Amino acid sequence: MAKPQESDKSLVMAIVAQKKAKKTRKIVLKEDVVDLEKKGQLLDDKAGFYRNYLFPMGKAQIVTPVLLKRRSLSSLAKVASKALGDEKAKQQGGDHQLYNSSES
């Protein structure tokens, strides 16, 4: 049998690149930010931008489940109050028309 030569015993190394981790955070803006978004917008932004600029300036907050729940409740309350306001306006408008027609 033939013995393996020295070059056959060389170690083969494979380099496998790892996928970079996403370095973004889900944030909600507390106030308008130039070149970004308006107050109350939810967005994904780079963690460094949040950590170094938005957070120290008090312009943004990290999104949490509690914050999302609070936002959804407040948006439901706004929708409900708007619907009630529209309903009252329709009722008052209808009463006004009846009142005007009875004067004539």
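Quick note: the coordinates plus some simple rules give every number you see, no bench work behind them. Keep in mind the model is a prediction, meaning the values are calculated, not measured. Cβ placement follows ideal geometry from the backbone for every residue including glycine, while neighbour counts extend to all protein chains displayed.
Here are the numbers for the structure shown:
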| read-out | value |
| --- | --- |
| For the stretch 10-53, the fraction of alpha-carbon pairs in successive 10 Å shells from zero, as % | 23, 37, 14, 12, 9, 5, 1 |
| Total charge dipole magnitude, the stretch 12-72, about the Cα centre, Cβ charges on Lys, Arg, Asp, Glu only, Debye to nearest 20 | 280 debye |
| Under 5 Å, built H, 5+ apart or other chain: amide partners of Q41 | L29 |
| Residue-count net charge about R25 - beta-carbon cut-off 13 Å; Lys, Arg +1, Asp, Glu -1 | +3 |
| Spin-label pair K22/V79, simplified geometry with 7 Å Cα→Cβ offset, distance in nm | 2.6 nm |
